[in-house]
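Below: the structure, in structure tokens.
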Amino acid sequence: MSKDTIESRLVEKRVFKPSALFSKQARVGSAAQREKITRAAARDPERYWASEAKKLLWRKPWKKTLEWKPPFAKWFVGGALNVSENCLDRHLGGPRRNKAALIWEGEPGDSRTLTYQQLHRETCRFANALKSLGVKKGDRVAVYMPLVPEAAVAMLACARIGAVHSVVFGGFSADSLRDRIQDAKAKLVVTADGGFRKGQKFGLKQQVDDAVKDCPSVRKVVVLKRTDQPIAWHSERDVWWHEAVDGQSAVCDPVPLDAEHPLFILYTSGSTGKPKGVLHTTGGYLTVAASTVESVFDLKEPDVYWCTADVGWITGHSYVVYGPLAAGATTLMYEGAPTCPGPDRFWAIVEKYGVSVFYTAPTAIRAFIRLGDAHPNKHDLSSLRLLGTVGEPINPEAWAWYHRVIGGGRCPIVDTYWQTETGAIMISPLPGATPTKPGSATLAMPGIDAAVVDKDGKEVPHGTGGFLVVRKPWPSMLRTVYGDPARYKKQYFSEFGPKVYFTGDGARRDKDGYFWVLGRVDDVINVSGHRLSTMEVESALVGHPKVAEAAVVGMPHAVKGQGITAFVTLKGGLQPGNGTTRELVAAVEKAIGAIARPDRIRFTDALPKTRSGKIMRRLLRNVAAGEEVSGDTTTLEDFSAIAKLQADE
Ligand code: WTA
């Protein structure tokens, strides 16, 4: 980290108080009540978390709430439970039995509703299928699927038998999938022939075939028929989903699992090297996912709750599948693109199903602003009562538009800050209690000791920027980086000592103590709310035979939040030709996937470097943003590289 603190320029003065009507019906109905809960939780966090955990169904009580050997934590030690039982079976004894658990709409317009009873049945049958295909407790299962109900079924079925899922976003390339399968040594892959996106069929099975060639751990591939495209078939390895579940019993006892039994691995980008397998466990993860979905979204029995995330991201894990189902809510899933067949698809869905709670990302909101107010205005959005955002800082203008045009001025907005690693929401308004300010995630959730510190780990005064940390363990924190505890320590618990979790984000607090997250301080870029490591994109580029060196930086982008600029030097004497940019973009797509596609590639004879040979990305960030090169350039070996890039602009 180069700077002691972080500069922060944004000043936003508007305050939106929850309406008396909303507060009256909310679980937490006033700022004073929130403060009281937060104070009590701060005095005795273990007691607070124990009381939240007790709301779940435990097969065996825990002996010790927390065992903290920094930086390694165990929660609810000695306790046993099953996540799938908590999300399904627990609701079958009462009126939720026939409540919609999952409402799904496919992009072509097909739709399905699964009640709790039906989702339970499908999960049990698939869990039995997994068992008969040789999957045992502790085995890893990769899930590479379109956003269909079976993706949730696969996750819940793994949880039911104690298998550990690793969901890989369907937009990732075969190479990315291969790396993730290899790292986790997955025994089985669940996929589909393809899915629908932007009116087209896309394939998934081909990517699996390519990936699995180099994955000796994989014994079986289960394939869901979704698009009916022609696919290659390896009869000794591949099994159709419908054949695998055919004849399977709808009874499958949930296995009581140790609270610290791994629930899933989810790969995410860090500042260096290959993606990290963030490991979450059973009891602590579910406790916080369930507790936050209820308090932040203030869920009520009749709500239709729609979180637009894909299950390939943590938001899809915690707030499409596990959190809402543990809370007995109705969760909505939509398979396709927001603009298909028309730019009003999301609003048509809100109207059609009477969505009451809607949770999406700032990048989507910015895209909707560009499409114009006419599309949402065409639809009856009066069922909405609460809106949420996640993934990156939301610009106040986008917040105000969301509030006015989507929320009709009546819906509170919860701007929720959290990460793959934190498992659940860390900083957020409680909608009936917390006055909101556009652009601020407001206050730390009860039981979460978030702070802004300087480079020595000392809390900075309000108004000053610094590094966002969490000073006490919490139940849904990641337990380790899968197979690499040293990396876990180094990445999250070294900057400020082994007891303090470093988020990698900068933030400041205002005079009311509200948190304003300023974005990443490391080499991670946030494109459309998805974390990408500059290093990964660079190595994809350098993998191309023409490329000598590459430096990748984020640049401001009106819709995506950040876009990607790649500075590339070609090998000795080569000049970029007509197709070079296209070739390089294709190389990145192949290595990572379309989400990492550079927005701009700039060829240069030399990259700006320090005397010790380190690329000075800070300067390139200035160049990419079209700004003056600022700060210290005295360590720069040769200023002409920068001067030339600026002159080329
Ligand atoms: C950013 C997504 C500002 C932040 C759940 C974090 C946010 C990274 C917010 C995690 C927010 C997420 N305001 N920034 N409300 N939410 N971020 O792991 O930089 O995909 O570190 O988890 O997104 O991204 P991840």
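Here, each number is a calculation from the coordinates, and none is a lab measurement. As the structure is a prediction and not an experimental result, all values here were calculated from the model. As a convention, Cβ positions derive from the backbone with ideal geometry for all residues, glycine included, and neighbour counts pool all protein chains shown.
At 222 nm, what helix-only mean residue ellipticity would the chain give, in deg cm²/dmol to the nearest 500, using -39500 (n - 2.57) for each DSSP H run of four or more? Don't skip to the answer; put the middle values down first.
On the way: 20 runs with 180 residues, N = 649.
It comes out at -8000 deg cm²/dmol, rounded to the nearest 500.
For segment 497-606, the share of alpha carbon pairs falling in successive 10 Å distance bins from zero is 14, 40, 26, 14, 6, 1 percent. Hydrodynamic analysis of the chain uses the Kirkwood radius over alpha carbon pairs. Inserted into Stokes-Einstein at 10 °C and 1.306 mPa s, it gives a translational diffusion coefficient of 62 µm²/s.
Note on K378: aspartates and glutamates with a C-alpha under 18 Å away, same-chain residues under 8 apart excluded, are D344, E351.
Could you list, in their original order, any pairs among K69/K458; K300/K499; K137/K201; K60/K185 whose Cα atoms are separated by more than 28 Å?
Working: K69/K458 22 Å; K300/K499 37 Å; K137/K201 35 Å; K60/K185 30 Å.
From K69/K458; K300/K499; K137/K201; K60/K185, over 28 Å: K300/K499; K137/K201; K60/K185.
Overall size of segment 1-145 from C-alpha positions, given as principal axis extents largest first: 56, 46, 42 Å. In terms of surrounding Cβ atoms within a 10 Å radius of their Cβ, R479, R597 rank from fewest to most as R597, R479. Out of V517, V585, P598, whose Cα points farthest toward the positive end of the dipole of the chain (charges: +1 Lys, Arg; -1 Asp, Glu; placed on Cβ)? Of the candidates, V517 comes out farthest on the positive side.
Taking Cα centre as origin and charging only the Cβ of basic (Lys, Arg, +1) and acidic (Asp, Glu, -1) residues, the dipole magnitude of segment 524-647 rounds to 180 debye. For the pair S132 and A643 in one chain, pulling the backbone fully straight at 0.36 nm per residue adds 177.5 nm over the alpha carbon distance.
What FRET efficiency would be calculated for the residue pair K99, E583, taking the C-beta separation as r and a Förster radius of 45 Å, to the nearest 0.05?
Details: r = 52 Å, r/R0 = 1.17.
After rounding, the FRET efficiency stands at 0.30.
Over all alpha-carbon pairs in segment 391-488, figure out the percentage whose distance exceeds 21 Å. Each step should come with its number before you reach the end.
On the way: 2152 of 4753 pairs.
The calculated P(r) of segment 391-488 puts 45 percent of pairs beyond 21 Å.
Remark on T115: its backbone amide H falls under 5 Å from those of A101, a criterion applied only to residues 5 or more positions apart or on other chains, H modelled at 1.01 Å from N. Cysteines of the chain lacking any other cysteine Cβ under 4.7 Å from their own Cβ: C87, C158, C215, C307, C340, C411.
If r is the Cβ-Cβ distance from D253 to A548 and R0 is 45 Å, what FRET efficiency results, to the nearest 0.05? Don't skip to the answer; put the middle values down first.
Working: r = 59 Å, r/R0 = 1.31.
Taking R0 as 45 Å, the efficiency between D253 and A548 is 0.15.
Charges at C-beta only: +1 for Lys and Arg, -1 for Asp and Glu. How large is the resulting dipole of the chain about its Cα centre, in Debye rounded to 20?
Working: 87 positive and 70 negative charges, 295 e Å.
Around 1420 debye, computed over the chain.
Dipole orientation for the chain: of the candidates A326, V357, H557, A326 has the Cα lying most toward the positive pole (charges on Cβ; Lys, Arg +1; Asp, Glu -1).
Across segment 118-128, computed HN-Hα scalar couplings (Karplus, 6.51 cos²θ - 1.76 cosθ + 1.60, θ = phi - 60°) run 5, 5, 4, 4, 5, 5, 4, 5, 6, 4, 5 Hz from first to last residue, x flagging Gly and Pro. Among K63, K546, the order by Cβ neighbours within 10 angstrom, fewest to most, reads K63, K546. Separation of segment 251-296 and segment 31-77, taken as the distance between their Cα centroids, equals 16 angstrom. Lysine pair count for segment 524-647 (Cα-Cα distance under 18 Å; residues 8 or more apart in sequence or on different chains): 4.
Convex hull over the alpha-carbon atoms of segment 503-558: what's its volume per residue in Å³?
Values: hull volume 5.6 nm³, N = 56.
Value for segment 503-558: 100 Å³ per residue.
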